[in-house]
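Read-outs throughout are calculated quantities, based only on the coordinates presented, and are distinct from any laboratory measurement. Fair warning: this is a prediction, and the values are worked out from it, not measured in the lab. Counting neighbours? That spans all protein chains shown, and the Cβs are built from the backbone with ideal geometry, glycine included.
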Amino acid sequence: MASIGQTVARTPSGEVLSRAQQRAMLVPDCLVEARRIANTVIAGWHGRRKRGIGENFWQFRPYSQGESLSRIDWRRSARDDHTYVRDREWEAAHTIWLWADLSPSMMYKSTLGAVSKESRALVLMLALAEILARSGERIGCPGVMEPVSARNAAERLATAIMLSPLGEGLPETGMIRGASDLVLIGDFLDPANEVMGRLGPLARRGLRGHVVEIADPAEEVFPYAGRTEFTDPESGEKLTAGRAEILREDYQRAYRARRDSLGESLRHVGWTFIPHRTDRPASEALVAVHMYLSGMPTRATHGGQL
């Protein structure tokens, strides 16, 4: 998707192979970082588990009047003066589709950003795959990998990404059925109405969507001054500003309006919107998405707001 940035190299059609090789080298490092973050975030969590019908033990809890006596665990209850019920883990496997925008605009990294937008998007996608796979969910990536339920889903997804052809824009989503969750990670810098023109039909099909907007700090604060040349990485078009600082206020106003419009439109169709900056810890966005997927939006927090 179109990017607003500075000194970002365009990827001509003749450099497709080079671009694919760069991505293949980037993915393994992103997988290592994703696992590190996932291990940090998941510590002490039950993931998406919840009480229900299943075979696996989940927890003991005090007996409540009116519950079936057959659910009482008499051995545990005999240890003290309380009566306990043995809860089992809910085992309804769920399909969650993960997608990251890997178009040229995502390669952007300013001096204010910790990593490129592409690197952060890949880390978030693979970390989500790692956490969700541990919770027994089915993980897929539209156009890249069919849903799988396996502990090594993140590794399989990383391999599929390295071998998949370069693409721009949203992939084919006809294979995604209702009652699935779809997590989209990208910069989403096109006008809000154009983005919703692509996402609206998915929402009307009954998909539960979660949009993570990845932004480089420079794209928000516009730190440029003096004569500056801006390049659109998608089209190659250039804009030269003699005094870039005089554009800052109008630019920031337009940037906020685009983000606010997109966020409001997504919430209107029942989707979630999470802005995230590359100078913030990846764990912030990861926790926010995971909380939304777990049905706990009030606990979801994230950085990246202006």
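Using the Karplus relation 6.51 cos²θ - 1.76 cosθ + 1.60 with θ = phi - 60°, the per-residue 3J(HN,Hα) values for segment 101-106 come to 6, 10, 6, x, 4, 6 Hz, with x marking Gly and Pro. Put in order of Cβ neighbour count within 10 Å, fewest first, the listed residues L69, L132 become L69, L132.
Amide hydrogen proximity for R138: with H placed 1.01 Å from N in the peptide plane, the residues at 5 or more positions away or on another chain lying under 5 Å are H94, T95, I96.
Fewest neighbouring Cβ atoms within 10 Å first, the residues Y108, Y255 line up as Y255, Y108. Charged neighbours of V144, selected by a Cβ distance under 13 Å, balance to -1 (K, R count +1; D, E count -1). Ranking of M145, M175 by neighbouring Cβ atoms within 10 Å, starting from the fewest: M175, M145.
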